[in-house]
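Report on one structure; see the data block that follows.
Rule-based calculations on the coordinates, nothing more; no lab input. These figures come from a predicted structure and were not determined experimentally. Reconstructed Cβ throughout: ideal geometry from the backbone, glycine too, with neighbour counts over all protein chains shown.
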Amino acid sequence: MSLFGLLSAGSLGILIPAVKFLLDSLASSGFYEYVSLLFSPDSAVYASLHEALLSIAESLPLVALGTCLAAFALFLWLGAKAARQALSVPGTYPGSISRTSRLA
C-alpha cells in the first residue's frame, strides 16, 4: 500500500469523528426542530418563510460543518492521489517511454 493510501485511510479516521461532531452539533443547535417546522402540514411558518429560513441558517453549526467538509475534502484528495499512484505503471500510457526502451 502506498503512502497516499495509508494517509487516505488515516483521513477516514478523522472523517468519522468529524461527522459525529457535526451530527451532535446539529442536534444541540436546534437545527432539526427548525427544519421539522418546514415539513409540518399545519404550520404557520409559510406565512413568514423568510424569517424561518434565516432561523435555520442561524442555527447551522458552521465550525462543525467546516470541519466535516475539510475532513471529507482531505479524504477525497488523498484517495484520488492513492488511486492515481496505484494505477500509474511505467510504460502503460501511450507515448510514454518504458525503462527498457531508454536503455537500448
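How much net charge surrounds residue 31 when only the other residues with a Cβ under 14 Å from the Cβ of residue 31 are counted, with Lys and Arg +1 and Asp and Glu -1?
On the way: positive: none; negative: 24, 33, 58.
Within the 14 Å Cβ shell, the charges total -3.
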At q = 0.12, 0.18 Å⁻¹, what log₁₀ I(q)/I(0) does a Debye calculation on the Cα points of the range 3-89 give, no solvent, two decimals?
-0.53, -0.78
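Where the only charges are on Cβ atoms (+1 Lys, Arg; -1 Asp, Glu), what is the dipole of the range 3-89 about its Cα centre, to the nearest 20 debye?
On the way: 3 positive and 5 negative charges, 135 e Å.
Rounded to the nearest 20 debye, it is 640 debye.
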If I model a spin label as a point 7 Å beyond the Cα along the Cα-Cβ vector, how far apart are those points for residue 24 and residue 54 in nm?
3.2
